[in-house]
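Everything on this sheet refers to the single structure shown next.
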């Protein structure tokens, strides 16, 4: 069944359900009052009115705790829904959980063990020092490389982690884009998308990869398909195109602040990649400058 005003119905249902759970715990409502909507019988009703009617019609439901209700609905309490999420620090968004020092792992010349974190510059570049050398690392390019190689492994071996949406979203696609979706559907599923046909050229999206939960699921789905389409025109095979698009869209962006532990954990992840010197687009990740070079720049040598 398709409804003529799905988004409006989605928003109203979301507010009602959230408020019911809140009220059943004895708390105060945290969802703003919805504007009155036409009920179809010549009257207008708000969320409060809808809640009152629900409580009167099903008083026994109010005695069930939110946890029990969620268990009955889903089998377990789901994690925070995508529609509730707000931008957070990189620790939770990108999974960087690590110590404050870099392990002495086997490395090549450009990235060495014993690096000490100095800070972040311009909201994009991570600064490390090792001995008499300064390393400048593009945080987006580094994270993109880590995610790209992880996605390649997930596509081949499985293990994707998804975030379910509070309510599935129906996405209408043009004919050529829908054909691309059909071609890429298995690969998209392998990286964490849960999307299935729902009509002539409509896709029902119910989950997205965890790394993509910071943005609108519908917008992100369109962007991924657009990226894959462009990469396919450039000669990429479908698995590589999906892996690269998800990595680029899910990576840390310019302006995302990182703590010392987060920056260090990113470098640890970069150390484990096979190609740690450039992102999937071919841009460099690390720039190194020595004390001797700086001295010459300042005329000290």
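Laboratory data are not the source of any read-out in this text; all were calculated from the coordinates shown. Just so it is clear, the structure is predicted and the values come from calculations on it, not from any experiment. All Cβ positions, glycine included, derive from the backbone under ideal geometry; neighbour counts span all protein chains shown.
Considering only region 128-144, I want to know if a residue exists there that is without any contact (Cβ under 8 Å) to a residue 24 or more places away in the chain, under 23 Å from residue 279 (Cα atoms) and part of a strand (DSSP E or B). Yes, because at least one residue in region 128-144 is without any contact (Cβ under 8 Å) to a residue 24 or more places away in the chain, under 23 Å from residue 279 (Cα atoms) and part of a strand (DSSP E or B).
Could you run through region 119-149 and say how many residues are under 30 Å from residue 188 (Cβ atoms) and in contact with a helix residue (DSSP H, G or I) (Cβ under 8 Å, 6 or more places away or on another chain)?
9
Listed conditions (1) within 17 Å of residue 167 (Cα to Cα); (2) without any contact (Cβ under 8 Å) to a residue 60 or more places away in the chain are all met by residue 188, apart from (1). For region 206-219, give me each residue that is part of a strand (DSSP E or B) and either without any contact (Cβ under 8 Å) to a residue 40 or more places away in the chain or closer than 18 Å to residue 151 by Cβ (or both). Selection gives 207, 208, 209. Elements of the type helices (runs of 4 or more DSSP H) sitting completely within region 231-301 and holding at least 1 residues that are within 21 Å of the chain's Cα centre (by Cα) and within 24 Å of residue 131 (Cα to Cα): these cover 260-271.
Yes or no, residue by residue, for (1) assigned to a strand (DSSP E or B); (2) on the phi > 0 side of the Ramachandran plot:
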site: 164; (1), (2): yes, no
site: 170; (1), (2): yes, no
site: 179; (1), (2): no, no
site: 192; (1), (2): no, yes
site: 196; (1), (2): yes, no
site: 204; (1), (2): yes, no
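Quick one: in region 195-228, which of the residues that are more than 11 Å from the chain's Cα centre (by Cα) and within 18 Å of residue 152 (Cα to Cα) is surrounded by the fewest Cβ atoms within 10 Å (Cβ to Cβ)? The extreme case among them is 227.
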